[in-house]
Amino acid sequence: MKINNLFKEKKVVYSFEIFPPKVNDDVSKVLDTLENIRDISPDYVSITYSAGGSKNSRTKEIAQIVKNDYGIEPLAHLTCINSTKDEVISAIDGLVDIGVENVLALRGDRIEGKVKSDFAHASDLVELIKSRSDMNVVGACYPEGHPESANIVEDIRNLKIKIDKGVTHLNSQLFFDNDDYLKYLDMVRLAGITVPIEAGVMPLVKASQFGGIVKMTGAKMPTKISRMYSKFADDPDSLMEAGIAYATDQIVDLLSSGVDGIHLYIMNNTYVAKRITDNIRPIIDKLNG
Ligand code: FAD
């Protein structure tokens, strides 16, 4: 199923992002994760691609398992900047061959010291995918602006190029301040971008996340989260509960504001995904009638 159709059927789409195992890791842990995800039943699951630049990503393998063994629709991430055109073509054709219908077309992060690439922007990848396949193409967007952009206006102008090449919906970078996100949505809509946008929410439930992935994205930390961290950094159980409560509250506010969807960065933690889903599922089901 092409997931752009979900937005025609539902007021709110609810999806998860997971990451595949490393090249030499046993797949069984991910199978446990998928078993639990099937019980939670998100609308689809997206699978990251070689974050960090490695080309040996097991995204395709996991997408195939997600689709065929678990009956969940996969959205396979694909990056381009650290690969040659031939490598990217082979990755696109590989996804088509196994019946994947949805791909998140990403530029990818630049690897230090590597400058030459056949691709400059995600829009180049969107164009290539559209020229070779009938896959539904999704894109990424940045509510606080992409870190390399001079300003948010320039970033939204560039986003429009990606949409015009055929992106049917956007998944946002994680953020913690809903007011910033809602202002961003207003700007994007003013720029004539009308595709559905899912809000990226990452539950902060472990102290390591504060210095790791969150720092990497440069997301702004509201005072409320900084206080939570200061108080509970050395108390894992309380930090877990506080993080679940914060993410729940954030999602309820986003749903109250009429967002098109919630894309939960679950970091393969299905305990957290289930707790949050139990909190918000009745509201989402009611909204979807
Ligand atoms: P682009 O859309 O190309 O944008 C990158 C920068 O270039 C922006 O500053 C933009 O304004 C500018 N730009 C774009 N088009 C033009 C143009 N035509 N002319 C001039 N400037 C332009 N990384 C991974 O490695 N693996 C993953 O699985 C992964 N998943 C992600 C999922 C989501 C939802 C998000 C938000 C990010 C993800 N990333 C992932 C990170 C992503 O690869 C990086 O943020 C990367 O730096 C930008 O990718 P992009 O596709 O947004 O790039």
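Per-structure values
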read-out	value
Whole-percent carbon and sulfur share, accessible surface of the range 219-289, 1.4 Å	53
Mean separation of Cα contacts under 8 Å, 6 or more apart, over the residue count of the chain: relative contact order %	20
Distance from the range 81-110 to the range 258-282 (C-alpha centre basis), Å	27
Normalised per residue, the volume of the convex hull around the Cα set of the range 144-278 (Å³)	114
Cα shape, the range 1-139, gyration tensor, a/c 1.5 rule	oblate
Cα→Cβ-extended label distance, 7 Å offset, between Ser133 and Asn68, nm	1.5
Lysines with Cα under 16 Å of Lys22, excluding same-chain neighbours fewer than 8 positions away	Lys55, Lys60
Three-way shape call for the range 77-145 based on the alpha-carbon gyration tensor, with the a/c threshold at 1.5	oblate
Probe 1.4 Å - accessible area at Ser257, Å² to nearest ten	50
FRET efficiency, 1/(1 + (r/R0)^6) with R0 30 Å, evaluated for Arg110 and Lys22 via beta carbons	0.90
Equivalent ellipsoid semi-axes, the chain, via Cα gyration tensor eigenvalues times 5, rooted, Å	27, 22, 20
Flagged links, alpha-carbon separation over 22 Å, of Lys85/Lys116; Lys183/Lys206; Lys183/Lys286; Lys10/Lys220; Lys11/Lys215; Lys224/Lys274	Lys183/Lys206; Lys183/Lys286; Lys10/Lys220; Lys11/Lys215; Lys224/Lys274
Percent accessible area from carbon and sulfur atoms, the range 116-162, protein chains only, probe 1.4 Å	48
Computed helical MRE - 222 nm, the chain, DSSP H runs ≥ 4 contributing -39500 (n - 2.57), nearest 500	-14500 deg cm²/dmol
Dipole magnitude of the range 96-188 about its Cα centre (Cβ charges: Lys, Arg +1; Asp, Glu -1), debye to nearest 20	340
The chain - accessible surface per residue (Å², probe 1.4 Å)	47
Solvent-accessible area, 1.4 Å probe, carbon plus sulfur percent, for the range 1-94	45
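The values are calculated or read from the model by the stated rules, or taken from the named source; none is laboratory data. Since the structure is predicted, the reported quantities are computational estimates derived from the model, not experimental observations. Note that we place each Cβ from the backbone using ideal geometry, even for glycine, and neighbour counts take in every protein chain shown. The protein model used for the area step is the full one, side chains on, heavy atoms only, and it has no ligands, DNA or RNA in it. Shrake-Rupley method; radii C 1.70, N 1.55, O 1.52, S 1.80 Å.
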